[in-house]
Each structure stands twice: as C-alpha cells, then as structure tokens.
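One structure is given here, and the rest of the page talks about it.
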C-alpha cells in the first residue's frame, strides 16, 4: 500500500496518500454548493420556510460543538501525544469512535446543513460520508496489518464513524 507518513510522528502508521487532498477538495465543493444554494439561488432550501430559525440554530449548535470537540480531541491525541512506539489508540474520544477526526468533520457538515436546510448540500454530504468511509477502510487495513489482533479487538468494541449501540 502506498501511504502518506507524517514527519515528526514516527508512531503513526500512515493514511491514504490522497486523503488530505480529497478532504480539501470536497470541503471547497461542499462550501460552493452550500453557499450558492443557501444564500444565492435557494433552489433546495424550501424547508427553511417551514422550520423557524431558532429551531434550526438550536439543532445545529450541539452538532457543531460535538463535531468541533471530536475533531479537536482526536487531533490532540494523534498529533499532540508522543508515544515511544506505535500502538492502537483507545483512550479519550477513540473510545467513542475509531475515527473521531473524520466524525467531527461529518458533524461539521451536518451542522451547516441544519442551519440552512439545503437539500442539495445534504445530498453532497452523503458523497462526503462515502469518501470518509473509503479512507477509513483504507487506513483500517493498514492498522490491521500493523497491529493485528489488538486492532481487530478494538474494532469489535468501537464503531468506525458512529458509536456502536450496545446490544
């Protein structure tokens, strides 16, 4: 597998070499769709006439805060902690989901959609989720190859992008 490594972080196993570029491209495309639909053409924002502003903002606020929290704490755990040797990270927000940084980004997009109720943005958001699933699966193959049973056990207990419901 051709993976991207992070200089100064030898304890990280790597990620998809186009993951960062893909996220950036999708972010700007989403921003373009969201802005043009929500504030310029209003071609799929008819639900805003039904749902009052205060409800939309009240719904979006906690989603945006949760997204920010997961992404920030995930980044701090991955890049702000120097570990002597690579290992499966299971502490902090990694107890909730295996990819909290990606989940935080997904929640950011969802919060933006909730504010304006842009259906076009929601459809594009589904494409973004598909991309995150693709890069998560790629990274998980690397993690499984590197950590074997430790990572497989972690996968059983923790959801990929959304928390597992306990049965």
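The values are calculated or read from the model by the stated rules, or taken from the named source; none is laboratory data. Please read these numbers as outputs of a predicted model, since none were measured by experiment. Don't worry about glycine lacking a Cβ; one is built from the backbone with ideal geometry, like all the others, and counts go over all protein chains shown.
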**Prompt:** If we scan the range 128-140, do we find a residue that is out of contact with any helix residue (DSSP H, G or I) (no Cβ under 9 Å at 6 or more places or on another chain) and in contact (Cβ under 8 Å) with a residue 40 or more places away in the chain?
**Reply:** no
**Request:** Return the pairs, sorted by first residue and then second, in which the second residue is assigned to a loop (DSSP other than H, G, I, E, B), the first residue lies in the range 62-85 and is more than 20 Å from residue 13 (Cβ to Cβ), the beta carbons are less than 8 Å apart, and the residues are 6+ apart or on different chains.
**Result:** 70/96
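Can you say whether residue 14 is under 21 Å from residue 162 (Cβ atoms), modelled with pLDDT under 95 and in contact with a strand residue (DSSP E or B) (Cβ under 9 Å, 6 or more places away or on another chain), as far as the supplied structure shows?
Details: under 21 Å from residue 162 (Cβ atoms): no; modelled with pLDDT under 95: yes; in contact with a strand residue (DSSP E or B) (Cβ under 9 Å, 6 or more places away or on another chain): yes.
Criteria not met by residue 14.
Which helices (runs of 4 or more DSSP H) sit wholly inside the range 54-167 and have at least 3 residues that are surrounded by fewer than 17 Cβ atoms within 10 Å (Cβ to Cβ)?
Numbers: elements: 100-116, 119-147, 149-157.
Answer list for the range 54-167: 119-147, 149-157.
Does residue 135 count as at pLDDT 95 or above and out of contact with any strand residue (DSSP E or B) (no Cβ under 7 Å at 6 or more places or on another chain)? Write out each step before concluding.
Values: at pLDDT 95 or above: yes; out of contact with any strand residue (DSSP E or B) (no Cβ under 7 Å at 6 or more places or on another chain): no.
The answer is no for residue 135.
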